[in-house]
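Q: Questions regarding the structure given below will be posed in turn.
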Amino acid sequence: MKFQLAVNLERLDDSLDMQDVARHTLEMVQMAEDGGFGIVWAAEHHALEMTIAPNPFQILTWWATETSKIRLGTAVATAAYWHPINLAGEAAFLDLISGGRLEFGIGSGAYQREFDRMKPGLKQSDGYKYMQEMLPALLALWQGDYAHDGEYWQFPTSTSVPKPLQLPHPPIWVAARSPITYDYAVANNANVMCWPFTRPHAEAELYKRQLDESIAKQGGTANPIFALMRHTALYENDAGRNEAIAAITRVLGQFENLYRNLDDVKNGFPKEIPLTELEGREQYDPAMLEENLMFGSPDTVIQKIKKYEQLGVDEYIYYASMGLSHDAQKRSLKLFCDEVIPAFQ
């Protein structure tokens, strides 16, 4: 089992100073590098304070200058928001200046609210079509001259400038949930990252089954890296547990607003849907959150990760931030680095 970190610049309200958020996020990345994490991921989101990530390559360039060995990934670049030539060049430039540390993650996009602003008229459920056209174009542009005449983009002969440092190209990752996306990832020799949200272990089992079925469809020889992400909080007493549950509940209340596309967002901050409106949904019950997410003492977390290891997960993605105080985030990550990672070495 190897370990990756997903960490966002995050504000749930305006009480946090943006400079403090940026400083804290960088310190988390540096802790992860020193603690044995192999990859750190930066997202792409727009006009939302809960995930401040207008350009993942700009974030990764910043982290690249302040680290030396941890690999730098986009999780994920949203295909529909980019032009292939622009995306190819941005990614290749990051690979160049980081010394070949780019892990290139691409996906369909998250919230209809963002599509309404970044790609008006496009349904979020159709975002995967842009990803499926984008990836082959990127691979061709990284190789040399290429002209494209597709459904969503058309351009005459062009190429990526610069070219990636890694040959033939940086590792490719696809964020997958539906069977069609697993099929696409396997067919294009991409690694797979999945996120079961707050759902039980059975959701992870479903994703692994879909991956295995996709591999079988392609002849059974593909061997993609399978990474799974969970919100993660380590603590050693009831006070830590209560803080983690309260924090994730608040984040999920804002996430649910965006997921339902209620469009109740003021100055970048989504209104939190009260827990009372979510109590009927099993995945928001505090006891279920603690069970399903990577919450608990170091020993508890080790046992949970071993369960994923037995399932066939190759790399675990520690999803940080999630509304915790900066001090609690660092305490959790330090416990993970000091006590969890050594158990898998």
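Q: I need the Debye-formula profile for the chain: one equal scatterer per C-alpha, no solvent, reported as log10 I(q)/I(0) at q = 0.10, 0.14 1/Å, two decimals.
A: -0.59, -1.23
Q: Restricting to DSSP H runs of at least four residues, report the calculated mean residue ellipticity at 222 nm for the chain, -39500 (n - 2.57) per run over all residues, nearest 500 deg cm²/dmol.
A: -13500 deg cm²/dmol
Q: Please list, ordered by chain and number, the residues whose modelled amide H lies under 5 Å from the amide H of Arg71; skip anything fewer than 5 residues away on the same chain.
A: Correct list: Ile39, Val40.
Q: Same structure, new question: Compute the longest continuous run of the chain that contains no exposed trypsin sites (Lys or Arg not before Pro); treat a site as exposed when its DSSP state is not H, G, I, E or B and it has at most 15 other Cβ atoms within 10 Å.
A: In the chain, the maximal stretch lacking such sites is 124-259.
Q: Here is a further query. How far is helix 18-35 tilted, in degrees, relative to the longest principal axis of the Cα atoms in the chain, given as a value from 0 to 90 rounded to the nearest 10?
A: Here the helix axis deviates by roughly 90 degrees.
Q: For the chain, find the longest principal axis of its Cα atoms and tell me its angle to the long axis of helix 238-259, 0 to 90°, nearest 10.
A: Around 40 degrees separate the two axes.
Q: Here's another thing I want to ask about it. With a cut-off of 19 Å, note down the residues of the range 241-266 whose backbone N falls inside the zone around a label point 7 Å from the Cα of Lys123 toward its beta carbon.
A: Output list for this probe position: 259-263.
Q: Once both labels are modelled 7 Å past Cα along the beta-carbon direction, what's the Lys266-Phe155 spacing in nm?
A: Inter-label distance under the simple model: 4.1 nm.
Q: What does the extension gain come out to for Gln19 and Met288, with contour length at 0.36 nm per residue minus their alpha carbon separation?
A: Going from the current span to full extension adds 93.4 nm.
Q: Calculate how steeply helix 56-65 sits against the longest principal axis of the alpha-carbon atoms of the chain, using the helix alpha-carbon long axis, and give the answer as 0 to 90 degrees to the nearest 10.
A: Between the helix axis and the principal axis of the chain, the angle is about 80 degrees.
Q: Looking at this model, which pairs from Lys304/Lys330; Lys2/Lys334; Lys2/Lys69; Lys69/Lys163; Lys69/Lys306; Lys266/Lys330 are more than 18 angstrom apart at the alpha-carbon?
A: Lys304/Lys330; Lys69/Lys163; Lys69/Lys306; Lys266/Lys330
Q: Follow-up question, since we're still on this one. Assuming 1.567 mPa s and 4 °C, estimate D for the range 190-304 with Stokes-Einstein, Rh taken as the Kirkwood radius over Cα pairs, in µm²/s.
A: D, rounded to a whole number, is 80 µm²/s.
Q: Under 12 Å from the 7 Å Cα→Cβ point of Thr276, by amide nitrogen: which residues of the range 223-262?
A: none
Q: Let me ask something else about it. Considering only the range 213-330, what is the antiparallel percent among its DSSP beta bridges, to the nearest 5?
A: Just about 20 percent of them are antiparallel.
Rule-based calculations on the coordinates, nothing more; no lab input. Bear in mind that the values here come from a model prediction, so they are computed numbers and not experimental data. Here the Cβ is made from the backbone with ideal geometry for all residues, glycine too, and neighbour counts use every protein chain on show.
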